[in-house]
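The values are calculated or read from the model by the stated rules, or taken from the named source; none is laboratory data. Quick caveat: nothing in here was measured; it's all calculated off a predicted structure. Neighbour counts are summed over all protein chains in view; Cβ atoms, including those assigned to glycine, are modelled from backbone coordinates with ideal geometry. SASA here: full protein model, heavy atoms, side chains in, ligands and nucleic acids out. Shrake-Rupley method; radii C 1.70, N 1.55, O 1.52, S 1.80 Å.
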Amino acid sequence: MSMDRGSAKHGPVRDEVMAHEVLGMVRARRDTRAEEWRSPEPPAEEASALAARPDGAGLLGSTPPGMTPADVEERSELGRWLGRAVFPAERDEVVDHLRHHHAPDRVVDEVRGAPEGVQFTSLGQLWRALRSDAHVESRRY
C-alpha cells in the first residue's frame, strides 16, 4: 500500500535530515553554529530598500501613519486575546470571551468602555469604538 506524500521533491529520510539541520535555530531562535562558515550569510546592505513600503511611508511592518507605537502595541494585545473567532459580537460577548480566555483586567476594562448594543464585526471596528481618535489603516501591506 503506497501513501501519497503530496510532494515528490524528496523522501522522508531527507525530510528528517533537513529538520535536524535547522533544529538548533528553531529551538533557540538564533544561529547556534559554532563554525561561522556554516552560518547563512547576513542580508545585503540593499535589503533594507527591499523592505520599504510601496507608498514610501516607511518600512514594511512599521507603525502605520496616524498611529503611535503604543497604539499599535495596544491594538495588537487586544487582537491577541480576541482573535477572529469572536466576531461578530456585541460588547458583552467580547467581554465574556476575554474573561474565558483569562485576558488581563486592563484589556477587559477597556472593552467594557465600548458602546452597548452595537454588534462589532471586526477588531478594527471595536478599536475605533474604543478610541474616538483611533486610526485603522485602510490598506494592508
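Available extension along the chain between L23 and H10 is 2.8 nm, counting 0.36 nm per residue and deducting the alpha carbon span.
The distance between label points at E116 and H101 comes to 2.4 nm (points 7 Å beyond Cα on the Cα→Cβ vector).
Counting heavy atoms of the protein chains alone, W81 has an accessible area of about 80 Å² for a 1.4 Å probe. Legend: calculated FRET efficiency, Q125 to R38, from the Cβ-Cβ distance at R0 = 35 Å, rounded to 0.05, equals 0.10.
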